[in-house]
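Working notes, structure below.
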Amino acid sequence: MDTKALRQKILDLAIHGKLVPQDPNDEPASVLLERIKAEKERLIKEGKIKRSKKSAKTSDTPHYENVPFEVPEGWVWCRLGDVISIKSGDSIRVRDNRQGEYPIYGGNGINGYYSDCNVKPDTIVIGRVGFYCGSIHQTVSKAWVTDNAFIVSYESVFNSEYLCHLLEWLQLSKTSNSTAQPVISGKGIYPLLIPLPPLSEQERIVSEVKRCFTLIDIIENGKSDLQTTIKQTKSKILDLAIHGKLVPQDPNDEPAIELLKRINPDFTPCDNGHSRKFPQSWCSVTVNDVCSIIGGVSYNKADIQDTGIRILRGGNIQNGKVIDCFDDVFIPLSYQNNDNQVQHGDIIVVASTGSQTLIGKTGFADRDIPKTQIGAFLRIVRPKQKALSPYIRLIFQTDDYKGYIRNVAKGSNINNVKNAHLQNYQIYLPPLEEQQRIVQKIEELFSVLDNIQKALEV
């Protein structure tokens, strides 16, 4: 569910007069507008304010032709500039931020604190420039508004919360100039036609919008919780799999040790006492018993060219897969080593990085990738029998593996996974037939979870 689009739809219904029913007893918006115009005329005659060049000289409510849509009876069309005015906030020194009790508002909301305030009643703020151009915020009662935002003054025709919703619906950023640094101005927003409902209806709209948005908040929180649950469920499924608890054992399966002896006739299980926790047909091994570890290519920057041998780097390892990147590196064919080219079934490991989160991250090569090798900061874990690859790939996705790597690869600045770290990692290998059942079961379960995940992203 696209909750952002749902919020916009609710605002659209509200501004079109379709969110709440109309009440014939409401004072029409035109009456209130006329009252405001009459008050302005009085203040002009008394010399307390000056007449705007664009303001009407009569108190007649203007009638606009070709309005964007029909509005309910009791509503009226007017220009945004008829009912609000804007002025830029005041500049502030960066070093003064967070040195006072009053929040500082810019286009992105609160971004520090100051010892003084330039707005005392709570007011509405519009982002004026840059990425947050057109964003809407409502201040607390005492605050400082920077020159990256506009301070909004508005007539009594508005409920303040309704005005915020209206300004959000208008998407004022669309009125910005087309330069690299977008800027909005009164010249761009004052002429905008807006539908004005009776004040009482505005209050009902605000109440209904709040109710709807609260429900959407619950949905969004639920989505976040569900996404976390999906991630945790996948981890639990993998944990059950590598402990022999995901699928039943079959006494007719060839014990894993027979397969291992075919790989290496001198193989001896590395039983450390934990094997009794696993099915009898399983076997305790190290990664070195069943896989080869292949290092990456070191090259000079001067060797980089437009074609040749493609070198995989950390950015090529995404979401458990090996992907192409727009900035892939190529080096001369003289570096080519056929044995070290990425093959179907290879597990690529990030072996050197400053991030504790990324160290040990893996990507699976689901095909042979010609003329492609790995850089020096990666490692290839290559199963000695391709039939082992799908199951060993799963092991390298488990929390057990991730915890092991983060523990052994710690560094003061750079985390490094050494070949010995990978070679000595102990795993428990099921019979080949059971491996296949485990992989199939995980694919089925993960497919269901992935479909749920995709549904959440719609």
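The values are calculated or read from the model by the stated rules, or taken from the named source; none is laboratory data. None of the values given here were measured: they were computed from a predicted structure. Methodologically, a virtual Cβ is constructed for each residue, glycine included, from the backbone with ideal geometry; neighbour enumeration extends over all protein chains shown.
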The lone exception for ARG393 - which of (1) surrounded by fewer than 21 Cβ atoms within 10 Å (Cβ to Cβ); (2) within 23 Å of ASP239 (Cβ to Cβ); (3) among the basic types (Lys, Arg) it fails: (1)
Select from the stretch 70-115 the residues that are at pLDDT below 90, assigned to a loop (DSSP other than H, G, I, E, B) and on the phi > 0 side of the Ramachandran plot and list them in ascending order. ARG98
With THR307, THR353 as the choices, which residue is among the hydroxyl-bearing types (Ser, Thr, Tyr) and within 23 Å of ASP400 (Cβ to Cβ)? THR353
Identity of the residue in the stretch 360-383, of a type in the set (D, E, K, R) and surrounded by fewer than 17 Cβ atoms within 10 Å (Cβ to Cβ), that ends up nearest to LEU312 (Cα to Cα): LYS371
Do any residues in the stretch 362-374 that are closer than 21 Å to THR307 by Cα have Cβ atoms under 6 Å from those of residues that are among the small types (Gly, Ala, Ser) and surrounded by 13 or more Cβ atoms within 10 Å (Cβ to Cβ), where the two are at least six apart or on different chains, and which pairs are they? ILE374/GLY296
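For the stretch 113-136, give me each residue that is polar (S, T, N, Q) and within 26 Å of the chain's Cα centre (by Cα). Working first, answer last.
We begin by selecting, within the stretch 113-136, every residue polar (S, T, N, Q); these are 115, 118, 123, 135.
The one that is polar (S, T, N, Q) and within 26 Å of the chain's Cα centre (by Cα): SER135.
Return yes or no: is ALA56 surrounded by 10 or more Cβ atoms within 10 Å (Cβ to Cβ) and at pLDDT 90 or above?
Working: surrounded by 10 or more Cβ atoms within 10 Å (Cβ to Cβ): yes; at pLDDT 90 or above: no.
Considered against the rule, which asks whether it is surrounded by 10 or more Cβ atoms within 10 Å (Cβ to Cβ) and at pLDDT 90 or above, ALA56 comes out as no.
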Looking across the stretch 135-161 at residues that are crowded, with 20+ Cβ neighbours inside 10 Å and of a type in the set (Val, Ile, Thr), the single one that is modelled with the lowest pLDDT is VAL157
Scanning for something of a type in the set (Val, Ile, Thr), in a loop (DSSP other than H, G, I, E, B) and modelled with pLDDT under 95, does the stretch 414-423 turn up at least one residue? yes
Flag if SER292 is at pLDDT 95 or above, small (Gly, Ala, Ser) and out of contact with any Asp or Glu (no Cβ under 7 Å at 6 or more places or on another chain): yes
